[in-house]
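Peer 1: Dropping a structure here in structure tokens format, bear with me for questions.
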């Protein structure tokens, strides 16, 4: 079994840092205040949201890592890694490479989790009129 590449660790970490880092952009502050108030729990809203995102998005890091492993195997197999091609490959990779079944499950569960988080935010933001 090929070892996971550095990219399969670096990309998820980069995405994680970017998701949390966006919280600190000045343009985001008014939205955070509108969504959660200026000082939830007696702390600055930016800190509270950044900590919440760090906790809520951490499982998604593993999903990205496992999806990167699938993408790397697709490249090794000479399979196209376009949007649709990679998704189709990810759906069937466990049959061709049983060692990637775990990565297949983690990727799918991570996608479902991320979509649920985004959906929850959309519903919450809509209810708050944001």
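Peer 1: Keeping to the stretch 38-49, report how many residues are loosely packed, with under 12 Cβ neighbours inside 10 Å and out of contact with any helix residue (DSSP H, G or I) (no Cβ under 7 Å at 6 or more places or on another chain). Before you say what the answer is, go through the steps one by one.
Peer 2: Here is the first cut: in the stretch 38-49, the residues loosely packed, with under 12 Cβ neighbours inside 10 Å are 38, 41-43.
If we keep only those that are out of contact with any helix residue (DSSP H, G or I) (no Cβ under 7 Å at 6 or more places or on another chain) too, we end up with 42-43.
Total satisfying the criteria: 2.
Peer 1: Another one. Would you please list the contacts, defined by Cβ atoms under 6 Å and residues six or more apart or on different chains, that run from a residue in the stretch 83-107 that is touching a residue at least 40 places away in the same chain (Cβ under 8 Å) to a residue that is loosely packed, with under 13 Cβ neighbours inside 10 Å and not in a helix (DSSP H, G or I)?
Peer 2: The qualifying pairs are 99/1.
Peer 1: Considering only the stretch 1-42, how many residues are assigned to a loop (DSSP other than H, G, I, E, B) and either more than 23 Å from residue 76 (Cβ to Cβ) or touching a residue at least 60 places away in the same chain (Cβ under 8 Å) (or both)?
Peer 2: 8
Peer 1: Report the residue count in the stretch 1-37 for those that are closer than 23 Å to residue 122 by Cβ and in contact with a helix residue (DSSP H, G or I) (Cβ under 9 Å, 6 or more places away or on another chain).
Peer 2: Count: 17.
Peer 1: Please work out which one of (1) part of a helix (DSSP H, G or I); (2) surrounded by fewer than 16 Cβ atoms within 10 Å (Cβ to Cβ) is the condition residue 103 fails and give its number.
Peer 2: The failed condition is (2).
Peer 1: Does residue 62 fit the bill of being modelled with pLDDT under 95, in a helix (DSSP H, G or I) and surrounded by 14 or more Cβ atoms within 10 Å (Cβ to Cβ)? Don't jump to the end; show me each part of the working.
Peer 2: Working: modelled with pLDDT under 95: yes; in a helix (DSSP H, G or I): yes; surrounded by 14 or more Cβ atoms within 10 Å (Cβ to Cβ): yes.
Spelling it out, residue 62 is indeed modelled with pLDDT under 95, in a helix (DSSP H, G or I) and surrounded by 14 or more Cβ atoms within 10 Å (Cβ to Cβ).
The values are calculated or read from the model by the stated rules, or taken from the named source; none is laboratory data. Please read all numbers here as calculations on a predicted model, not as lab measurements. Note that each Cβ is placed from the backbone with ideal geometry, even for glycine, and that neighbours are counted across all protein chains shown.
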